């Protein structure tokens, strides 16, 4: 057997050349960060950052110009054995009449999300108006405050004017509140079947805590004046009330099978042997 020409010259090298490690890119990133931070703090912070950035650029350029610096890394031969601990493909167990399975097997209809969103919206509005009565002696204060999300100039008026009735703010607040509640209710109807355990705790308590925290941090930057008028304790309580009430209403609705079931099963047609044991259990119940 003749060896291929040049095979000896293609022997594995003892070392390879790699770019030399350097800390200048990290210092450059630090300098640029300080420059940006100085815009919202003090100018001296930007000045220090600019000095660090310029020194970092000069040091980095010296390592790549006129020739890039390298260092030799030894090559250690290693035998790689490719093996798997799962010789078989894992498959989802499904009924024999199903060609494929998708989870979840049953979901809530769209009407469940709409009902849950409207019920949660009523609970949220009740708590908001209770806050208005206890703090400002007026139910119109939280309504006008919600309308200020669209009319930003409303948040700049006096508290006495916020306690008065305004038909345009009532219309805007009602439209915004109903639309948001229905959309979130539809979201609840979609995600609650996917929560394995304690859906009310996750969707009714944990989720409101998360989005209230996000809104608290964002609103303080976007509209600080409106942020000062909101009582975040009552706001969080109203969000939790919405989540719990909406979740309970959605969970009480009847689930419908997903499209992976045959049409006859989804339509409720009694066909012998088509539904299997599950169909017999449903019939007996």
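The values are calculated or read from the model by the stated rules, or taken from the named source; none is laboratory data. These figures come from a predicted structure and were not determined experimentally. Neighbour counts run over all protein chains shown; Cβ positions are idealised from the backbone, glycine included.
Details
Conditions tested, residue by residue: (1) more than 24 Å from residue 218 (Cα to Cα); (2) at pLDDT 85 or above.
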residue	(1), (2)
98	yes, no
116	yes, yes
122	yes, yes
134	yes, yes
137	yes, no
142	no, no
145	no, no
149	no, no
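- Any hit, segment 13-25, residues being on the phi < 0 side of the Ramachandran plot, at pLDDT 80 or above and surrounded by 14 or more Cβ atoms within 10 Å (Cβ to Cβ): yes
- Selected residue (criterion: nearest to residue 19 (Cα to Cα)) from residues of segment 49-91 that are touching a residue at least 40 places away in the same chain (Cβ under 8 Å) and either surrounded by fewer than 10 Cβ atoms within 10 Å (Cβ to Cβ) or in contact with a helix residue (DSSP H, G or I) (Cβ under 8 Å, 6 or more places away or on another chain) (or both): 69
- Residues (more than 13 Å from residue 239 (Cα to Cα) and within 15 Å of the chain's Cα centre (by Cα)) located in segment 174-191: 187, 188, 190, 191
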